[in-house]
Amino acid sequence: MVQTEYYVALSAILFALGGIGVLTRRSAIMLFLSIELMLNAANLAIIAYARQWSAVGAQHALDGQAAAFIVLAIAAAEVAVGLGILVAIFRNRVSTDVDELSEVRL
Amino acid sequence: MNDLVQLASLAPLLALAGAIINGLFGRSLRGNAPGVIASLAVAAGFVLSLIAFLGVRAGGAVRVRFGDFLVAGDLNIGLGFHFDQLSVLMMLIITGVGLLIHIYSIGYMQGDDGFSRYFAQLNLFVAAMLVLVMADSFPLMFVGWEGVGVCSFLLIGFWYKDLKNASAGRKAFIVNRVGDFGFLLAMFLTFKAFGTLDIQAVNAAAPSFAYGAAILTGIGLLYLLAAAGKSAQLPLHTWLPDAMAGPTPVSALIHAATMVTAGVYLIARTGGIFANAPSAAATVVWVAVLTALMAAIVAIGQTDIKKILAWSTISQVGFMVAAVGAGAYWAGIFHVLTHAFFKALLFLGAGSVIHALGGEQDVRKMGGLGRKMRVTGTTSLIATLAIAGVPFLSGYFSKDAILGALLTSSPLGNYGGQILFALLMVTAGITAFYMFRWYYLVFAGEPRSSAEYERAHESPAVMTVPLGILAVGSVLIGYVGLPAFLAPNAIQEWLAPVMAHVDFDHLNTSAEWMLLLGSVLVAAVGLGLGYWVYVIGSGELAKRIGNTPLANASRGAFGIDRLYRGLFTEPGEGLAEGVASLDRDVVDRGLTGVSGAVPLLGRLLVLLQSGYVRAYAFAMVLGVLALAVVAALIGVLA
Amino acid sequence: MISLYVILLPVLMALLAILARGSAPLVRGLAFLGGIGTFALALFLAGSEGFNAAWLPGIGVNFALDATGAGPVLVLVAALVMIPTLLVAASRVEKGAAGFVALLLLAQAGLNGIFLSKDLIVFYIFWEATLIPGLLLLGIYGGDRRRQATLKYLVYAVAGSFLMLISILALKALSGAASFHITELMIATPALSAATQTWLFVGMAVGMMVKLPLWPLHSWLIDLNEQNHPSGAADVLGSLYKVGAFGFFAWALPLLPAGAERVAPYLLALAAVTAVYGALAAISQDHLKRFLAYGSLSHMGIIGVGLFGLHLAGLSGAIYFLAAQMLSTGGLFLVAGMLYHRRRSFSVKDYGGLAKSAPAFAAVSLFLIFAYIGVPGLSNFPGEFMALLGAFQTSPWPAAFATLAVIAAGVYGVNLFQRLFQGTTTVPTTDLSPLELYVLVPFVAGVLWLGISPAPQLRQIEQQASLVTLQLERVVEAQPGVPAVTLAELPGGER
């Protein structure tokens, strides 16, 4: 069995890549992509630990798998809503450049 | 017997009642009713004082307490009166002379718009003055003390429509307040030293302190400050000449007979402290003698009929204060008594003249009025001779007593008693001189202004009868204080039980006679000089030396008023302005400036709210990172 | 129970006043009833049994009121002052009189709560709550610069109270007291070290210094009085709400005596400065209300001197003066309002020679001015005298310096009277109307009452003042951890 640490390392790399994507990308779609990447990286870590716990025979394994499902569901919902907002914004202004969306401030 | 004496506690209440009746309802009363009511109140007070006098004569001092005033732990000051030989004597003076002046005022203030207001305030004054002398504790005395100050303010500025009069009242109040400051501090220090503010207790405990103890000296000097304010001694004398702006009977009552003697009373009352603090007592005498001398010099150069008398009062009160400072408390009070008669008489006579001339007060426009105003002229002459110290009149005996005290006072000897005696002798001579001048310029010689002379007429009986009574008093009252080596000195014996003990050198009989004759000589020289200058020389000498520095100093009262204006009034006003603008511009803005830091902080923080999604995202990442680091550290530590 | 009713009645009348806002006579009647009713209750307040109900038992807060000590005296005088003030509010406020009256009544309820509460948290709640009507009165009914004045008032008060709250909470937590009731706190606080007590005291002191007010935290008061409604009614409330001194007296000093001992000399110096500073600034003021603001600042300085001298006579005198100044300052503010009613100006230059056409007005004003500057026989003297006397016993030089304010007071008092009333008449003015006479009579009566017969009130105040001195004496003897005061020794200790 592949050791958990490798999964977690992969998850960390994916999370970091997603984070960099969030911070550097200007297109809203790419922002969503990066966020999805971060969410799935977290999911990967959760699943990896769930497998580790189940191998030991603890009860936490099921919790981990349930958590992964919830995260997936939330990610999906969030993307749906986000894309909806994005389309609404796109209708008003042609670009999806997030740097131009700066009305949320004092 | 005690109950009868205690009945005298009603005296101030009756005067207060008179004040309230006249104050609230006076305008609706017809004719002279306010004056009559006020006079009746004071007359009742006089009767009660007489009863108290007889009661104390028979049975000694009486105390009465009506309840508590200020209480807190050790502090227990009650509303109490103390009737002893000194206080009943003062009460008699206040109500007796006060009654005569009230009656006189009915004539003098006839037709004035504020007739009832005048009598209300005059009654209020009598009430406060009575409380002052009857009080058994310092705070209660202070109630009367400030009360007379308030009434003085009201009465000096009585004709307030002329702002000059109002300003004179204001000046009196403020200078008095400086003295009150001294009184307050003296009370605080007394409580600190003695643990009580009961007058009898303080006097009894004073000898237990070291002779000349610093704390006693401090208390004494502070009481001196208070007395100087109320009795118009250096340096707080400047209000009295200006106070002549008030109606003349007010000047007679308040600024001759009673209020200005409150300082003398105070020092006599606290004799126990001064007897044990010789340096404080000596300071009192020096201040008093210098004041007396200065005021006498100034009186020579004055041209207002009342201002001459005002400076004379300052000088004579200086005599009284010198006496009590030297330890001869009875002599000071004796002079209070005689001075009350002849000075009140002088003022009322002046008032009679002013009333007759329709308001003229400049002596240069008078002259020869004695021929047209016989009663006023004669009584004023008697008063002049009395104050000059002509033998067998009252002033002679009281002045002689004071001079003798200065010469023989044992503690004073260390502080220049002989010099002070000499200075006061000179002052007595000057007194005779300027009083002669006063009388001559007003009543004798040739009229200098025929218009005024024509207008002059004798005043109505309601004014001349009190003049007559006071004149009789000025002659006779001195006999209560005959020199001890010749005859029983009634007043000294009367006051002995309440006076603190001070050592006096004993003069042999020939020295005593020398003293008596010396006083006569001095008076003769003064009067003679006056006669020579004004009658024989028709005032030529006076005109010729009229521009010498001394004469100018005399006329301008040594420029002290101007000095105070430059030293205190103007800097004071400047300081007040300065504080006000300091508060407005510095303190206010300063703290508002500090509070300006908050918007500044806000504006800094607003920069975070850029609206850039990526900046927010970055912030979130940083936050998570920080949390992770903290968690790891805690994990490590745990 | 009277302690509770004296808080509830004004609240009830306030609500009724709001409901009756359509009818001016009804509002006037309710205002008058509210004032008289509270006053009547206050007459029976002293010595009545207290009120105690569990409120937040989890953190040790009881709604505890009691009528011993200085509280009832202050409640009574405040109630006396409120009667004419409510009348003025109901009659002289043009728009929104019902709201004005209601706010005054609510403030009075809050004040009574401050004076009577025996639980520290309840005290704090009333302390803060009474700020709100004051702010609203200033912000809604004030003058041109009311926004700035309100903001200033708010910031000063809240900043100070914030520190006070921290100290209050820390006090209970660190001392391990069973609840916030004063008797529990007094048993527990001696256990705190002197250093802790000092810090806690400083925290509480900052909040109370602002409300006293003490230089330099006094600027809010000047603008408050200047911008408040010209009738003067809100300023009367301002004079009543100077509760900083009471906070020190009833809470900070008895609970933290070791801290008080260390910090008091500095506060005493500040108080002495305040006394003289206020008096000097008052002398040159042309604006009548600013004049009164600075004058009462000077009075509060003397109260501070009395408090921080930590002497029994000084403490009693200071609180007595606090009550007395309600009458003199309040009365003069209403007089200022009456002058404004005639000439629409607060500038002293616009007046002069009024005594000729308005002699009764002049007489009453002079009476109140004399009371204001501490003439003996009138209300301010006993407290002023005892405050300075007490402070002098322990700290002569600061007290002597503060006494200079007496001279300055003489100057500004007669100066003001002269400029307003003496001299030749500029423009004739009407004398007191019947309403104005009824309004001023309680002040005159109160001034005479407090001036001539201070002893009964002083004795009541002494009950609480002696607590402070007792605690201070115990500071020397107490050892940490051992309760210095037993329950039985405290007034009302047998619960």
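A few comments on the model shown:
- Computed FRET value (nearest 0.05) for A:Glu78 with B:Val598, which takes r as the C-beta separation and R₀ as 35 Å: 0.40
- Pairwise centroid distance, computed over Cα atoms, of segment C:36-82 with segment B:198-263, Å: 47 Å
- Farthest positive-ward along chain B dipole, Cα basis, beta-carbon charges - from B:Gly368, B:Leu122, B:Thr196: B:Gly368
- Within chain A, the percentage of alpha carbon pairs spaced more than 22 angstrom apart rounds to 44%.
- Cα principal axis extents for segment A:32-72, largest first, Å: 37, 15, 6
- Set of lysines with alpha-carbon distance to B:Lys543 below 25 Å, sequence-local pairs under 8 removed: B:Lys306, B:Lys307, B:Lys365
- Extension gain, B:Asp74 back to B:Leu13 (0.36 nm per residue minus Cα-Cα distance, nm): 19.0 nm
- The tail of the calculated P(r) for segment A:1-61 beyond 16 Å holds 49 percent of all Cα-Cα pairs.
- Whole-number percent relative contact order across chain A, with pairs defined as alpha carbons under 8 Å at least 6 apart: 26 percent
- Environment charge of C:Ala358, counting only residues whose C-beta is closer than 13 Å and scoring Lys/Arg +1, Asp/Glu -1: +1
- Lys, Arg +1 and Asp, Glu -1 on Cβ, resulting dipole of segment B:1-134 about Cα centre, debye, nearest 20: 220 debye
- Dividing the Cα radius of gyration of segment B:177-262 by 2.2 N^0.38 Å, with N the residue count, gives 1.30.
- The mean number of partner chain beta-carbon atoms within 10 angstrom of a residue's beta-carbon across peptide B:71-83 is 5.
- Hydrodynamic radius (Kirkwood) for the protein assembly as shown, which is based on Cα pairs only, to one decimal in Å: 34.4 Å
- Burial ordering of C:His299, C:His341, fewest other beta-carbon atoms within 10 Å first: C:His341, C:His299
- Modelled FRET efficiency - R0 30 Å, B:Thr378 with B:Val525, Cβ distances, 0.05 increments: 0.75
- Taking the longest Cα principal axis of chain B as reference, the axis of helix B:374-388 is set at about 70 degrees.
- Using a Förster distance of 30 Å, the FRET efficiency for A:Ile85-A:Ala9 (Cβ separation, nearest 0.05): 0.30
- Proximal lysines relative to C:Lys356, as straight alpha-carbon distance under 20 Å, when same-chain residues fewer than 8 apart are discounted: B:Lys161, B:Lys164
- Where trypsin sites (Lys or Arg not before Pro) fall in DSSP loop in segment C:32-122, at most 14 other Cβ within 10 Å: C:Lys95
- Segment C:383-470: C-alpha gyration tensor shape, a/c 1.5 cut-off, then a/b vs b/c: oblate
- The chymotrypsin sites (Phe, Trp or Tyr not before Pro) of segment B:364-429 that DSSP puts in a loop, and whose beta carbon has at most 15 other beta carbons within 10 Å, are B:Phe392.
- Excluding same-chain neighbours fewer than eight residues apart, the aspartates and glutamates reachable from C:Lys242 by a Cα-Cα span under 17 Å are C:Glu128, C:Asp223, C:Glu226, C:Glu384.
- For chain C, leaving out every one of the GluC sites (Glu not before Pro) that falls in a DSSP loop and has at most 13 other Cβ atoms within 10 Å, the longest unbroken run is C:95-493.
- Pairwise centroid distance, computed over Cα atoms, of segment B:56-88 with segment C:107-174, Å: 47 Å
- Counting, for every residue in B:152-162, the Cβ atoms of other protein chains within 10 Å of its Cβ and taking the mean gives 3.
- Using alpha-carbon coordinates, inclination of helix C:194-211 to the longest axis of chain C, degrees: 10 degrees
- The ratio of the alpha-carbon radius of gyration of segment C:255-316 to the globular-protein estimate 2.2 N^0.38 Å is 1.28.
- Charge context of B:Leu567, other residues only, Cβ under 14 angstrom, K/R +1, D/E -1: -1
- Peptides ranked, highest mean first, by Cβ atoms within 10 Å: ranges C:217-224, C:69-76, B:190-197: C:69-76, C:217-224, B:190-197
- Report note on the peptides C:203-209, A:81-87: ranked by the mean count of other C-beta atoms within 10 Å, highest first, their order is C:203-209, A:81-87.
- Neighbourhood net charge (13 Å Cβ-Cβ; Lys/Arg +1, Asp/Glu -1) for B:Ser315: +3
- Shielding value for A:15-26 is 2, the average number of Cβ atoms from other chains within 10 Å of each residue's Cβ.
- Of the trypsin sites (Lys or Arg not before Pro) in segment B:396-487, not one is in a loop by DSSP (not H, G, I, E or B) with at most 11 other beta carbons within 10 Å.
- The calculated P(r) of segment C:128-184, using every Cα pair and 5 Å bins from 0, goes 4, 17, 20, 15, 12, 10, 9, 7, 5, 1 in percent.
- Cα-based Rg and Dmax for segment C:2-486, where Dmax is the largest Cα-Cα distance (Å): 21.4, 72
- Based on C-alpha pairs under 8 angstrom that are at least 6 apart in sequence, chain B has a relative contact order of 12 percent.
- The helix-only estimate of mean residue ellipticity at 222 nm for the protein assembly as shown, built from DSSP H runs of length n ≥ 4 each weighted as -39500 (n - 2.57), is -24000 deg cm²/dmol after division by the residue total.
- Three-way shape call for chain B based on the alpha-carbon gyration tensor, with the a/c threshold at 1.5: prolate
- Per-peptide packing, taken as the mean over residues of other Cβ atoms within 10 Å, places C:375-383, C:142-150, C:186-194 in the sequence C:375-383, C:186-194, C:142-150 from highest down.
- Relative contact order (%) - chain C, alpha-carbon pairs under 8 angstrom, separation at least six: 16 percent
None of the figures in this text is laboratory data; all of them are computed from the coordinates on show. These figures come from a predicted structure and were not determined experimentally. Cβ sites come from the backbone with ideal geometry, for glycine too, and all protein chains shown count toward neighbours.
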